[in-house]
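First the structure, in the form of structure tokens, and then the observations on it.
Coordinate-derived values only; no laboratory data. Just so it is clear, the structure is predicted and the values come from calculations on it, not from any experiment. Here the Cβ positions follow ideal geometry from the backbone for every residue, glycine too, while neighbour counts run over all protein chains shown.
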Amino acid sequence: MKIKIAEIDDTNSFFGGRVLKVNRKFLTPYRVSSSVDYRSKQQIPTAIKIDSYLSEVTSIFTGDEYNKFKTENGPFNNRVRADEQKADLMSYSPLVSYFPQLPKDIKVDKKGMKLILELGLDLDHVNIVSIPAFDPIKSYGEDLKKICEYIRSRGKEPMPLLDMGLNEAEFKSKFNEICSNIETGLINIMGLIYRNWRSNIQNFYHVWNNKDKKILYYCLGVERKYENASAMHFLQSWGIDVYSTRMIRGCGTYKRKLNNVDIFDKETIGILKYKNYFEKHPDGTLNCDCPLCNNAGLDEFVEKYGYNHEGELDASQLQYAGKLHEFFSSSKEFDISREAIKENALTDYFDSKEYLKSYRRNGSLDSVF
């Protein structure tokens with residue numbers, strides 16, 4: 001993987017963003033198409049394709065499932081088959097990552113690590129393999145290097161995972177250890193597992209303070225919204241490059257009410273409930289020319305995607321359509337913010353979006369300190 005830093009918006013030391021060119025093919029900031037997006041597409045009547053350079057196979061583990069996965073015969077094969085089906089949907093993406101979404105309190109032991117790595121390495125279309133948090137046998141740095149070398153010997157790209165919720169000393173130590181392998185080309189991607197930024201601000205600042213590193217910062221498991229804002233859109237201001245949505249098992253399978261369907265609003269970068277959308281936009285316009293919306297209003301959107309095969313209003317199906325609309329519309333917004341970064345104008349972009357304004361860290365503090 002070849003990475004070039006094309007631009008850094010560092011007009012103040014507290015806030016900015018950066019643009020990377022990856023493999024001379026795509027530019028960051030970039031929204032990853034994850035299993036959430038492909039699952040949503042399968043649920044609605046559309047022939048529209050997800051055309052993405054980077055996709056992610058997300059595999060959820062509960063604590064009990066992880067324990068059975070490493071101690072019983074059946075779970076490994078069952079998970080391989082399920083994840084192969086997800087990866088097959090992404091076969092047109094040049095880059096496909098594998099992300100084992102484990103509970104926060106699990107540190108993978110030697111046996112679990114071997115099985116998770118083997119799973120990611122066996123998936124045909126996957127070429128980026130995650131290395132989950134693990135208990136070191138010798139030292140973190142030495143063990144990490146051996147694992148990365150093994151993944152590379154299998155012809156795939158290693159991605160060490162680092163939890164943004166670690167205490168600041170452990171986070172900085174492991175972060176710096178990962179970065180020590182950049183110059184040799186052993187590690188080109190760092191996977192950052194998303195946690196609340198306000199609770200872990202020192203870790204986010206450490207990423208921002210290392211914005212000059214030639215490594216792809218890949219934030220995984222990002223919550224769909226934080227307060228009213230689309231969470232992944234404010235992450236670009238920390239110098240984080242690409243983002244994927246947290247997958248929730250069974251989301252959308254329960255009976256949802258229409259008023260509680262979430263709609264992405266590109267004008268504010270908000271995730272609004274259907275019942276609140278018309279308060280912001282009385283005419284019901286989505287102001288969206290993505291392939292799913294094609295400049296339709298919200299009422300037209302509901303008419304087209306909100307009814308099941310029996311002709312009944314199905315708010316759960318509409319929720320899936322809303323997520324796919326969000327993927328397309330949000331991706332276009334990253335195209336716009338990318339141009340703002342190139343012009344050192346990310347602050348202006350944030351100021352133009354109602355729900356991003358409060359996440360713009362104040363550059364005037366530079367004159368104080």
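Annotations
- Stokes-Einstein D for the chain, Kirkwood Rh over Cα pairs, 4 °C, 1.567 mPa s (µm²/s): 61 µm²/s
- Per-residue [θ]222 nm for the chain (sum of -39500 (n - 2.57) over DSSP H runs n ≥ 4, rounded to 500): -11000 deg cm²/dmol
- As a proxy for reagent exposure, E227, E157 were ordered by neighbouring Cβ count within 10 angstrom, fewest first; the result is E227, E157.
- Dimensions (Å) - region 213-305, Cα atoms, principal axes, largest first: 47, 29, 25
- Pairwise Cα inverse-distance average, inverted: Kirkwood Rh of region 86-195 (Å): 14.4 Å
- Length gained when the stretch L313-E227 is fully extended (0.36 nm per residue, less Cα-Cα span): 28.2 nm
- Calculated P(r) of region 13-84 - Cα pairs past 19 Å, %: 59 percent
- Translational diffusion of region 259-345, estimated by Stokes-Einstein from the Kirkwood radius over alpha carbon pairs at 4 °C in a medium of 1.567 mPa s, is 96 µm² per second.
- Least to most buried among V19, V129 (fewest other Cβ within 10 Å first): V19, V129
- Candidate lysines - alpha carbon under 19 Å from K211, same-chain residues fewer than 8 apart omitted: K2, K4, K21, K172, K174, K342
- Restricting attention to the chain, close to 40% of DSSP beta bridges with both partner residues there are antiparallel.
- At q = 0.12 Å⁻¹, base-10 log of I(q)/I(0) for region 1-155 (Debye sum, equal scatterers on each alpha carbon): -0.64
- Packing-based ranking of 280-286, 186-192 yields 186-192, 280-286, ordered from highest to lowest mean Cβ neighbour count within 10 Å.
- Annotation for region 1-77: trypsin sites (Lys or Arg not before Pro) lying in DSSP loop with at most 16 further Cβ atoms inside 10 Å of their Cβ are K2, R24, K25, K49.
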